[in-house]
Amino acid sequence: LFGSQKVSTPPPPPPSVKVGSQQVTPKAGSQLVTPKAGSQQMSSLEAAKKAAEERKRQQEELLSQRRAEAEEKRQEQIRLAEEKRAQQIAELERRKAEAEGRKRQLEEEKQRKAAAAKDIKPDIASLPTSGERLRAPPSAPPPPPPPPAKSGSQLFSFGGLFGGKPEAREAPKAAAPPP
């Protein structure tokens, strides 16, 4: 009984095909690839790889171009912001200078007015205060104002009333001629 059994041998290994630098064995149930068909598959595989690499390169190029454009746009915005800031600073400096000029003019005007007032007004410090005037002894009343002038060209004179010379007195004008 035992002698009649057959010893099974393993099936022969599937044929392998050299693809490029690698030894490739076809999968079970697949057709054997001939060298000519393998080279066609290799060329289409290489073409697919090259196309993928080209797409990747184009995407990277597009991405780098977009980055460059974004950086350029950012630099432009920075430049515009700096220009705007410089304009604002210049405007502030101009306003500050105008304000200083107005302030200086007002100060000069104030000094001119003070100098003019000082020339016109007496020295206030030398005048007596109201308290000092009250404590001061009563002084003689001020002299009466001079009497008004007579109508005519000559001033009024007391004539001989107070011992003056009668010749100095004006003679009354008579309506009748002298005798």
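Read the figures in this text as sums done on the coordinates, not as results from a lab. Computed from a predicted structure; not experimentally measured. No Cβ is skipped: glycine too gets one built from the backbone with ideal geometry, and neighbour counts run over all protein chains shown.
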Net charge of Cβ neighbours under 11 Å - reference Glu72; Lys, Arg +1; Asp, Glu -1: +2
Arg74-Glu46 pseudo-label distance in nm [points 7 Å out on the Cα-to-Cβ vector]: 4.2 nm
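May I ask for the net charge around Ala97, where only other residues with Cβ less than 13 Å from the Cβ of Ala97 are counted and Lys, Arg are +1 while Asp, Glu are -1? The partial results should precede the final answer.
On the way: positive: Arg94, Arg95, Lys96, Arg102, Lys103, Arg104; negative: Glu91, Glu93, Glu98, Glu100.
Counting the neighbours of Ala97, the net charge comes to +2.
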Span per principal axis, largest first, for the Cα atoms of region 34-120 (Å): 127, 7, 5
Sparse-neighbour loop sites [GluC sites (Glu not before Pro); region 74-113; at most 12 other C-beta within 10 Å; DSSP]: none
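So if each residue of separation counts as 0.36 nm, and I subtract the Cα-Cα distance between Lys96 and Arg66, what length gain in nm does that give?
Details: separation 30, 0.36 × 30 = 10.80 nm, distance 4.43 nm.
Gain in length upon complete extension: 6.4 nm.
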About the Cα centre, charge dipole magnitude for region 34-120 (Lys/Arg +1, Asp/Glu -1 at Cβ), debye: 220 debye
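Report the local net charge at Glu109: Lys and Arg +1, Asp and Glu -1, summed over other residues whose C-beta lies under 14 Å from its C-beta.
Details: positive: Arg102, Lys103, Arg104, Lys110, Arg112, Lys113; negative: Glu107, Glu108.
Residues close to Glu109 contribute a combined charge of +4.
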Top positive-direction residue, dipole computed over region 34-120 with Cβ charges, set Ala51, Ala70, Ala114: Ala114
